[in-house]
1. Restricted to the stretch 6-28, and to residues that are in a loop (DSSP other than H, G, I, E, B) and open to solvent by 100 Å² or more (accessible area, probe 1.4 Å), which residue is farthest from Glu63 (Cα to Cα)?
2. Given the structure, is Pro25 more than 15 Å from the chain's Cα centre (by Cα) and modelled with pLDDT of 85 or more?
3. Checking Asp43 against (1) touching a helix residue (DSSP H, G or I) at 6+ places or on another chain (Cβ under 7 Å); (2) within 19 Å of Phe81 (Cα to Cα); (3) in a loop (DSSP other than H, G, I, E, B), which single condition isn't satisfied?
4. Is one or more of the residues making up the stretch 47-67 of a type in the set (A, V, I, L, M, F, W, C), over 9 Å from the mean Cα position of the chain (by Cα) and under 19 Å from Gly17 (Cα atoms)?
5. Of the residues that make up the stretch 55-64, is at least one in a strand (DSSP E or B) and among the aliphatic types (A, V, I, L, M)?
Amino acid sequence: MLTGSLDRTMGWLLDFGDVKDRFKPIYRQLDHNPLDKLAGVRDGHSQSVVEWVHAHLSPLVPELARIDLMENAHQGVSLLFHDDMRWPLLQGE
């Protein structure tokens, strides 16, 4: 989820194609790789993976306000970011 001011001309905050392009190199590091082998990911836990994604994506997408990572249809984690919060607020798994 992104937050910020809408572009008055285009009517949206940021083109999701741009977000996807910025996320692509991060996704490549995650896809089909052991998550616990990534520097900064603790034991491959969902919360740690989301924190890792935030650390890598937020400099590229400063409008980033929330990341959801679902392990299955009933279990996952959401990270919410407030203003210039250094450490994300973890919510239930």
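The values are calculated or read from the model by the stated rules, or taken from the named source; none is laboratory data. In this text, all values refer to a predicted model and were calculated from it rather than measured experimentally. Reconstructed Cβ throughout: ideal geometry from the backbone, glycine too, with neighbour counts over all protein chains shown. These accessible areas exclude ligands, DNA and RNA; they are computed on the full protein's heavy atoms, side chains included. Shrake-Rupley method; radii C 1.70, N 1.55, O 1.52, S 1.80 Å.
1. Quick first cut of the stretch 6-28, residues in a loop (DSSP other than H, G, I, E, B) only: 6-15.
Now restrict to residues that are open to solvent by 100 Å² or more (accessible area, probe 1.4 Å): 6, 8-10, 12.
Working: Leu6: 11, Arg8: 16, Thr9: 18, Met10: 16, Trp12: 12 Å.
Across the stretch 6-28, the extreme among qualifying residues is Thr9.
2. Working: more than 15 Å from the chain's Cα centre (by Cα): no; modelled with pLDDT of 85 or more: yes.
So Pro25 fails the test.
3. Tallying (1) touching a helix residue (DSSP H, G or I) at 6+ places or on another chain (Cβ under 7 Å); (2) within 19 Å of Phe81 (Cα to Cα); (3) in a loop (DSSP other than H, G, I, E, B), Asp43 fails exactly one: (2).
4. Taking every residue of the stretch 47-67 in turn, at least one turns out to be of a type in the set (A, V, I, L, M, F, W, C), over 9 Å from the mean Cα position of the chain (by Cα) and under 19 Å from Gly17 (Cα atoms).
5. Within the stretch 55-64, the first condition is being in a strand (DSSP E or B), and the residues that meet it are 64.
Filter again for among the aliphatic types (A, V, I, L, M), leaving 64.
Checking the stretch 55-64: at least one residue is in a strand (DSSP E or B) and among the aliphatic types (A, V, I, L, M).
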